[in-house]
1. So for the chain, taking the charge dipole from beta-carbon charges (+1 Lys/Arg, -1 Asp/Glu), which of Ile82, Leu118, Val62 sits furthest toward the positive end?
2. Within straight cross-link reach of Lys189, meaning Cα distance under 28 Å, which lysines are found once same-chain residues fewer than 8 apart are removed?
3. For the range 25-203, what is the relative contact order in percent, using Cα pairs closer than 8 Å and at least 6 residues apart in sequence?
4. Between rounded, prolate and oblate, where does the range 58-199 land on the alpha carbon gyration tensor, with a ≥ b ≥ c its root eigenvalues, rounded for a/c under 1.5, else prolate if a/b exceeds b/c?
5. Can you give the charge dipole size of the range 25-203 about its Cα centre, rounded to the nearest 20 debye, using +1 on the beta carbon of Lys and Arg and -1 on the beta carbon of Asp and Glu?
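Computed from the coordinates by the stated procedures, all read-outs in this text should not be read as laboratory data. Source: prediction; values computed, not measured. Cβ coordinates were reconstructed from backbone atoms using ideal geometry, including for glycine residues, and neighbour counts include every protein chain displayed.
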Amino acid sequence: MLNRGWIFAMVFFLCNSNAVSAFTVSDLQEHLGNTAFVRGDFTQTKELAMLNAPLISKGIFVRHETKGLLWQQMSPFSVILILSDKQVIQKIQGQKKEVLLAKENPLPFYFSTLFLDLFTGNTRALSSQFSMQLKGHEKAWSLTLTPKKSPLNKVFKYIVLSGAEQIQHFILQEQRGDKTRIDFKNVTKTPALLTQEEHRAFED
């Protein structure tokens, strides 16, 4: 009886423990998708197989529910990218603004849409392109994406997203050996209004 009781107790504990700790891709989608507005700082470190030292760039980002993603690199030089589901805009100081549309530039737009899906944790869209392996729980998770088909499997070996309440790190490992890591800091949801500078960056 003692052994039987011990077994039942262990089964009960394990079943309830798994029920509490289970964190699924659907949970992650809901976890990340509830944020309509978020801003913060980023540091991008790119390791190129042909270079001994990494290339490091820094800047700020703003995700706006209707306007898209503002990606403003401030160093080593100024570049502004605005990504939405309709277009990609690039602004380099002293140069004419460039606008990419999907029908005119399908491949660059394809990868910009991928980045937007990664940034917003759009696992529903990503699942058609990647196999997914999720580890951890809502306070500390990592999602490994392995591309299933071309053109992504020709470019990326794998992509890893990790974070807590928001995405904190990206790692993009390319097939040719290049690796990009993006770290996010000072991420906040407030104030949920664009500053004058952010509004100007989106609209100018």
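1. Of the options given, the answer is Leu118.
2. Lys46, Lys58, Lys67, Lys86, Lys91, Lys135, Lys139
3. 22 percent
4. It is oblate, given that a/c is not under 1.5 and a/b is not larger than b/c.
5. My answer is approximately 380 debye.
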